[in-house]
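Trainee: Have a look at the structure that comes next, please.
Please treat every number below as a calculation from the coordinates, not as lab data. Just so it is clear, the model here is predicted, and its values are computed rather than measured. Because the Cβ atoms are built from the backbone with ideal geometry, glycine has one as well, and the counts that use them run over all protein chains shown.
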Amino acid sequence: MAELQIAKADPVAGLIDIPLPQEVSLLPQTWPSRIAVGLLLVAAIATAWSVLRHRITNKYRREALAELDRIERAAGGARPDLLAQLTVLVKRTALAAFPREEVASLAGPAWLSFLDRTYGGEEFSHGIGQLLASAPYERRQPNEAQLESLVGLVNRWIRGHHV
């Protein structure tokens, strides 16, 4: 019986544990790599700040484009007040982007000239954009093609005007 108890003794009990190596640090070990990580962190923060600032600055553009889309969808086939809505939208967008003193008093050719100057073309003064200043005072309403062209011009102006 004594022989059976000796055979049942734990054979692993006499072994010695293997020493484990030290844990590897996640921090860079050399100064140049630490500086590089720091510069990458600063660049990432600066980029995030720039993107956030750009997004906040251009919020009025996104809202104006959403309003333009809503106006287009609401108008459907019949567009009796589309021109008036476009005129108000362009003026509101300009007031959001530029100083009120510069924009609020503009009307007629001066208004169209301002839109051309901020857009970088002559489509407002010498093109379809003239409807924004003249159509409310004319008896004849613009046709569907003219309205579509004006909507496209307003869309391009909202997206591309220079502040």
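Trainee: Taking the 0 to 90 degree range and rounding to the nearest ten, how far is the long axis of helix 82-97 tilted relative to the main principal axis of the chain, both from C-alpha atoms?
Mentor: The answer is roughly 60 degrees.
Trainee: Using θ = phi - 60° and the Karplus curve 6.51 cos²θ - 1.76 cosθ + 1.60, what whole-Hz ³J(HN,Hα) does each residue of segment 111-118 get, with Gly and Pro shown as x?
Mentor: Taking θ as phi minus 60°, the curve returns 5, 5, 5, 4, 4, 4, 5, 7 Hz for segment 111-118.
Trainee: Relative to the longest principal axis of the chain, what angle (0 to 90°, nearest 10) does the C-alpha long axis of helix 59-75 take?
Mentor: The angle comes out at about 60 degrees.
Trainee: How big is D, in µm² s⁻¹, for segment 64-160 by Stokes-Einstein at 20 °C and 1.002 mPa s if Rh is the Kirkwood radius over C-alpha pairs?
Mentor: Values: Rh = 13.5 Å.
Stokes-Einstein gives a translational diffusion coefficient of 158 µm²/s.
Trainee: Measuring from label point to label point, each 7 Å out along Cα→Cβ, what is the Ala74 to Ala43 span in nm?
Mentor: Taking the two extended label points, one gets 4.7 nm.
Trainee: Further, regarding this structure: For volume of the Cα convex hull per residue in Å³, several values are listed as [x] 254; [y] 108; [z] 155; flag the one computed from this structure.
Mentor: After the calculation, the listed value that fits is [x].
Trainee: Continuing with this model, one more query. How much length would be gained if the chain were fully extended between Ala66 and Arg100, taking 0.36 nm per residue of separation minus their Cα-Cα distance, in nm to one decimal?
Mentor: On the way: separation 34, 0.36 × 34 = 12.24 nm, distance 2.24 nm.
Separation in residues times 0.36 nm, less the Cα-Cα distance, equals 10.0 nm.
Trainee: Which value at 222 nm does the chain reach when only helices count, each DSSP H run of 4 or more adding -39,500 (n - 2.57), with the total divided by all residues and rounded to the nearest 500 deg cm²/dmol? Please list the in-between numbers first.
Mentor: On the way: 8 runs with 103 residues, N = 163.
Taking each H run of at least 4 residues, the total per residue is -20000 deg cm²/dmol.
Trainee: Hey, how many Å between the Cα centroid of segment 22-78 and the Cα centroid of segment 109-128?
Mentor: 33
Trainee: Take the Cα pairs of segment 43-103, get the Kirkwood Rh, then feed it into Stokes-Einstein at 4 °C and 1.567 mPa s and tell me D in µm²/s. Kindly include the intermediate steps, with their values, before the conclusion.
Mentor: Working: Rh = 13.5 Å.
The diffusion coefficient I find is 96 µm²/s.
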